[in-house]
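Data first, discussion second: the structure below is written as structure tokens.
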Amino acid sequence: MKIRSFNVIPNLPENLKALDELSTNMWFTWNWDAIMMFVGMSEDLWHRSHRNPKWILGTMPPERLDQLSRDPDFLSRLGDIKKRFEDYIAYKDTWFNKNRADGDADMLVAYFSMEYGIGEGLPIYSGGLGMLSGDHMKSSSDLGMPVVGVGLLYRKGYVQQVLNRDNWQVERYPENDWYNMPVQIVNDANGSPLRVEVPLDGETIKVGVWRVPVGRTSLYLLDTNLPENSPKVRTITEQLYGGDRANRISQEIVLGIGGARALEAMGLKPTVFHVNEGHSAFLLLERIRQLMVSRGLSFKEAREAVWASSVFTTHTPVMAGNEYFDFELVRKYLEPYSKELGITFPELLELGKEEPNSMGFCMTILAMKLCAHLNAVSQLHGEVTRDMWGKVWPGLPKYEIPICGITNGVHTCSWISHEHQNLYKKSLIPAGQNGLPDSCDWRKLGEIDDGDFWETHLVRKRKLVALVRDRLRRQHQRLGADHTVLEEVKGVLNPEYLTIGFARRFATYKRATLFMRNLERLAEIVNNEKMPVQFVVAGKAHQADSHGKEYIKAVAKMSLDPRFKHRIIFVEDYNMNVARYMVQGVDVWLNNPIRPLEASGTSGMKAAINGVLNLSVLDGWWAEGYSADVGWAIGGKENYNDEAERDYVESEAIYNLLQKVIAPLYYYRGPDGVPHNWVKMMKASVAKLAPVYNTNRMLREYYEQFYVPAHRSSVRFREGDALLAVAGWRKKVEHNWPQVRVVLDQFKPEMEIHSGAAVPVKAIVWLGGLTPEEVAVQLHVGVSDGDASFRCGQTFPMSYESRMGEAYVFAGEVKFSRSGRHDLAARVIPRHADIPHPFMPPLIKWNEE
């Protein structure tokens with residue numbers, strides 16, 4: 001039987017045509033008036049569609065559309081929103097245009113990520129990585145930053161969580177109907193759907209491309225579920241993080257190699273490539289291949305250009321979160337591809353190995369070796385990452401490893417409640433400006449009346465309670481509960497009580513059950529007659545994580561315990577919408593991961609912009625954001641003897657803070673019923689945290705620290721001379737490096753040195769065939785670990801002074817700013833003005849004596 005497929009599109013009245021564009025550009029997801037316009041068309045369809053306006057238009061009865069087309073109020077509202085959208089798209093005076101240099105006008109950043117959390121109507125996300133990627137794209141649009149995203153189009157959407165009668169998580173994967181979602185097929189020059197070819201496991205597969213408009217920018221999604229492909233290939237993009245290891249490497253080949261080829265096929269020419277987590281790192285190999293083909297370069301020459309113009313962000317300090325593939329699996333999928341790169345398969349494997357005897361091919365290592373610009377996602381995570389991957393840079397002190405910290409943020413307008421947004425706009429934004437967060441004068445928060453601020457919070461709190469009750473009612477109805485149970489649900493939670501929120505992925509290191517460690521103490525806290533406390537908990541476990549599912553079961557069962565009934569509630573099927581209600585409606589946001597395993601965390605940032613106070617372990621972003629006037633710290637930076645001691649100390653800290661500090665502060669009311677001291681802390685939290693922990697600030701840091709230098713390297717290496725000069729220098733350095741030696745001369749450690757003195761030091765250096773201009777000779781002063789490496793220190797330059805036979809004499813001086821023991825060594829590293837830094841490959845020679 002031959003089945004023919006075709007697409008039916010909504011037949012909108014002429015005066016409603018603007019709805020088509022407004023429903024397909026994800027701009028609506030962070031614009032409240034646009035959201036409320038779609039809700040007003042049909043609140044029932046809005047919820048049934050999972051906040052997908054395109055599905056609403058395709059499902060709405062023609063009679064309702066006709067009614068709307070004759071409604072002057074609706075047409076006026078539509079006209080106003082259409083104008084605001086068009087003004088937003090056409091606006092030229094963006095942050096990027098105001099701050100870029102003239103030579104950077106043609107910058108284009110290609111941002112690759114495995115998942116994107118832009119809106120519930122586009123369910124291609126799973127957790128924090130997707131939320132961050134989605135917010136990255138939205139802030140790129142707001143700032144006018146020239147960024148395009150690349151990801152995968154998954155046939156099955158974000159996993160839906162269902163709890164069975166035993167409170168065990170069961171997963172459901174809804175099929176995505178892409179023809180009723182905010183995506184558009186990308187066509188080629190002939191008007192046919194674009195196809196790019198990718199070599200995979202002995203065959204050439206076809207990859208289709210879809211476009212998602214995100215404000216002023218675009219997200220491109222790759223799809224293997226095409227009639228031209230075999231049934232096995234069609235399942236590659238079936239499910240995010242689904243399938244076996246063969247399917248996972250296939251997904252990452254499609255994302256990386258297919259993504260780079262898709263950009264080329266669309267005529268897009270990024271000058272910067274940003275690898276967001278290691279999943280897409282194969283794109284770096286494809287970029288090398290493309291340059292080899294288009295410009296006739298060698299692998300090493302092309303690698304130089306790719307390295308200098310590529311950015312890599314690592315998101316996890318948990319080793320299991322870094323992607324490793326068995327060598328034989330890599331051989332099966334990439335050995336033929338290595339020939340296209342002009343290298344042997346063992347040489348390709350070396351690019352993914354931390355050290356010569358490594359037993360797996362690591363995508364994180366591949367990205368670190370092929371990207372010059374590397375970052376972790378908080379300052380503490382930067383320290384942890386340098387410790388984790390130090391073997392990639394042998395001989396380099398940990399603190400000099402070229403991985404910096406750019407702390408994550410959140411897209412303010414996506415996560416702030418409209419009530420808070422209106423309050424801030426009215427009080428904090430000067431006339432003629434309307435943008436959050438950058439236009440706010442956060443110093444004026446103190447001028448907002450405490451009663452108004454508190455009532456705004458209570459509005460959101462009541463809405464959270466209503467949402468939780470509604471979801472519990474539907475959960476019990478699904479399980480066949482009788483009317484008595486459904487009546488009881490109406491009494492779940494009390495909007496007057498101190499409410500603690502905890503919501504995140506149920507990975508074991510996040511310790512969702514820590515607050516339950518001492519149930520007697522917990523019962524005493526939640527049932528305090530004068531200061532009752534309640535908990536709202538939500539989150540999903542990975543489908544293969546049985547330990548995480550056990551945690552969910554343990555929390556969910558608490559509602560069956562008479563001591564905690566109506567006071568500890570687990571909300572089924574956590575998603576972006578539930579997250580918004582929680583971060584906007586609880587009083588305190590609880591976060592207690594095992595330090596330092598939380599790379600950044602962003603849910604606490606979302607809570608903070610809504611005036612919710614954080615109670616958290618000093619990990620990730622909170623290690624930077626915390627101060628006693630804006631929230632509370634669980635423990636400090638202690639090292640514990642074992643897990644039991646750690647969990648005991650930190651759970652007791654939670655109980656003590658709740659019982660003795662947080663609850664008394666919350667319940668201490670003025671004559672007007674307002675907790676003025678609590679509100680003061682809420683305002684301080686917003687004023688200090690909201691201006692910093694947002695993706696606008698984050699994007700500006702990426703731009704200034706990474707995108708600009710990477711773009712300029714890309715432009716510099718566009719023509720052959722500069723690139724060939726660097727590649728020639730690199731080849732010369734590698735050839736001569738075995739002959740490089742350095743010894744200290746005329747420095748006697750036993751001499752007496754006074755603090756503040758400048759001590760002259762000389763070094764004798766043998767360079768083989770290199771010249772003094774091709775290296776940097778430095779003095780390194782600090783404190784060593786006793787194992788020929790430095791724990792801390794600083795570097796002083798040495799300058800070429802004279803020739804001494806086959807060697808060179810370099811001179812410098814060291815200034816000692818403090819007294820006490822110091823360790824000193826001289827070293828030689830490569831030097832060239834046109835490279836981002838000299839530490840990849842890590843060629844370093846320290847003094848021999």
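The values are calculated or read from the model by the stated rules, or taken from the named source; none is laboratory data. Because the structure is a prediction, the values reported are computed rather than measured. Heads up, the Cβs are rebuilt from the backbone with ideal geometry, glycines too, and the neighbour counts pull from every protein chain shown. Heads up: the accessible areas ignore ligands, DNA and RNA and are worked out on the full protein's heavy atoms, side chains in. Shrake-Rupley method; radii C 1.70, N 1.55, O 1.52, S 1.80 Å.
Structure summary
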| read-out | value |
| --- | --- |
| Segment 90-173 - percent relative contact order, Cα under 8 Å, separation 6 or more | 28 percent |
| Relative contact order of segment 428-580, defined on C-alpha pairs under 8 angstrom at six or more residues apart (%) | 20 percent |
| Whole-number accessible area per residue in Å² for segment 511-562, which is evaluated in the context of all protein chains at 1.4 Å | 45 Å² |
| Extension gain from residue 335 to residue 82, taking 0.36 nm per residue of separation minus the Cα-Cα distance | 85.9 nm |
| Rg ratio (alpha-carbon, reference 2.2 N^0.38 Å) - segment 360-417 | 1.39 |
| In degrees, nearest ten, helix 299-308 long axis to first principal axis of the chain (Cα) | 60 degrees |
| Solvent-accessible surface (1.4 angstrom probe) belonging to residue 334, in square angstrom, nearest 10 | 0 Å² |
| Those lysines that a straight Cα-Cα span of less than 17 Å connects to residue 762, excepting residues fewer than 8 apart in one chain | 748, 815, 845 |
| All-pairs alpha carbon distance profile, segment 659-811, 5 Å steps from 0, percent | 2, 6, 9, 9, 10, 9, 9, 9, 7, 7, 5, 5, 5, 4, 3, 1, 0, 0 |
| FRET efficiency, 1/(1 + (r/R0)^6) with R0 22 Å, evaluated for residue 379 and residue 752 via beta carbons | 0.05 |
| Residue 300-residue 722 pseudo-label distance in nm [points 7 Å out on the Cα-to-Cβ vector] | 2.2 nm |
| Angle between the chain longest axis and helix 128-143 axis [Cα atoms, degrees, rounded to 10] | 90 degrees |
| Accessible-area ranking of 817, 298, largest first, probe 1.4 Å | 817, 298 |
| Cα-based helix-to-principal-axis angle, 676-689 vs the chain, degrees rounded to 10 | 40 degrees |
| Over the chain, volume per residue of the alpha carbon convex hull, in Å³ | 203 Å³ |
| Beta bridges per DSSP with both ends in the chain, % antiparallel, nearest 5 | 60 percent |
| Inter-part distance where segment 110-159 and segment 613-683 are each reduced to a Cα centre, Å | 32 Å |
| Accessible area, probe 1.4 Å, largest first, for residues 839, 38 | 839, 38 |
| Pairwise label distance in nanometres, residue 640 with residue 164, each label 7 Å out on the Cα-Cβ vector | 3.3 nm |
| Partner lysines for residue 82 [C-alpha distance under 22 Å; skip if fewer than 8 residues away on the same chain] | 17, 54, 92, 138, 425 |
| Computed over the chain: relative contact order in percent, which uses C-alpha pairs under 8 Å that are six or more apart | 11 percent |
| Gain on full stretching of the segment that runs from residue 90 to residue 66 - 0.36 nm per residue minus C-alpha separation | 5.6 nm |
| Proximal lysines to residue 490, defined as alpha-carbon separation beneath 17 angstrom and excluding residues fewer than eight positions away on the same chain | 461, 463, 565 |
| Spin-label model distance (nm) - residue 655 vs residue 399, 7 Å beyond Cα toward Cβ | 4.0 nm |
| Residues residue 834 and residue 792, FRET efficiency given R0 of 25 Å [Cβ-Cβ distance, rounded to 0.05] | 0.25 |
| For residue 626, solvent-accessible area (1.4 Å; no DNA, RNA or ligand), Å² | 80 Å² |
| Segment 16-173: C-alpha pair distances exceeding 21 Å, % | 57 percent |
| Solvent accessible area, Å² - residue 55, 1.4 Å probe, full protein context | 60 Å² |
